[in-house]
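Novice: A single structure is presented below for examination.
Every number in this text was worked out from the coordinates using simple rules, so none of it is lab data. As the structure is a computational prediction, the values presented were derived from the model and not from experiment. With ideal geometry, Cβ positions are generated from the backbone for all residues, glycine too; neighbour counts draw on all protein chains shown.
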Amino acid sequence: MRHQTKKHTLGKAQDQRKALLRSLATELFVHGEITTTMARAKALKPYAEKIISLAKKGDLHSIRQAARYIYNKETGKFMDLTSGEVFDAPQKDKKLASQTVLRKLFVIIGKQYSERKGGYTRIYHLPPRRGDASEMALIQLV
């Protein structure tokens with residue numbers, strides 16, 4: 001029997017669905033909010049919240065697990081790993097590392113939600129898309 005096996009298939013094969021959710025989660029963590037269809041936003045919400053829960057733990061195993069679920073691309077900024085400060089250009093007096101999505105997730109976002117028990121994302125309904133009247137949504141980090 002197929003009890004409790006319902007998932008958002010998004011009309012895609014498993015490999016395409018995983019790649020889509022991975023890229024959506026990566027962009028959500030880079031920008032803080034993204035505009036997408038309602039079906040994709042609803043599928044992304046539990047996916048992103050699971051990753052943020054890993055970021056709250058902060059140990060090496062959680063970092064390696066989270067790296068499986070997002071693309072670790074560079075954001076073009078620099079950050080101080082101890083304080084979490086973000087700079088647009090490298091500083092002469094400070095030792096900075098380039099900011100990647102994984103570093104931002106564990107240094108900034110994980111600490112930001114350390115006291116929160118869950119519900120790290122929020123979905124807003126938007127007007128339908130002009131071309132095909134698809135239901136749109138804004139998903140953002142709370």
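Novice: Treat every Asp and Glu Cβ in the stretch 71-141 as -1 and every Lys and Arg Cβ as +1, leave all other atoms uncharged, and give the resulting dipole magnitude about the Cα centre to the nearest 20 debye. Before the final figure, lay out the partial values.
Specialist: Details: 13 positive and 8 negative charges, 22 e Å.
Dipole of the stretch 71-141, to the nearest 20 debye: 100 debye.
Novice: Hey, another quick one. Counting other beta carbons within 10 Å of each Cβ, put Lys12, Lys6 in order, fewest first.
Specialist: Ranking Lys12, Lys6 by Cβ neighbours within 10 Å, fewest first, gives Lys6, Lys12.
Novice: As I understand it, the dipole of the chain uses +1 on the Cβ of Lys and Arg and -1 on the Cβ of Asp and Glu, about the Cα centre. Which of Gly32, Thr75, Gly118 lies farthest toward its positive end?
Specialist: The residue sitting farthest along the positive end of the dipole is Gly118.
Novice: Considering only Cα-Cα distances, which of the following residue pairs are longer than 26 Å: Lys12/Lys73; Lys73/Lys111; Lys18/Lys50; Lys12/Lys111; Lys7/Lys50; Lys7/Lys111?
Specialist: Pairs exceeding 26 Å: Lys12/Lys111; Lys7/Lys111.
Novice: Hey, another quick one. Averaging sequence separations of C-alpha pairs under 8 Å and six or more residues apart, then dividing by the length of the stretch 1-124, give the relative contact order as a whole percent.
Specialist: Working: 122 pairs, mean separation 32.4, N = 124.
Result for the stretch 1-124 is 26 percent.
Novice: Follow-up question, since we're still on this one. Label point 7 Å out from Asp93 along Cα-to-Cβ: which residues of the stretch 67-82 have amide N under 16 Å?
Specialist: 80
Novice: In nanometres, what is the gap between the two model label sites at Ser83 and Leu10, each 7 Å from Cα along Cα-to-Cβ?
Specialist: In this crude label model, Ser83 to Leu10 measures out at 3.8 nm.
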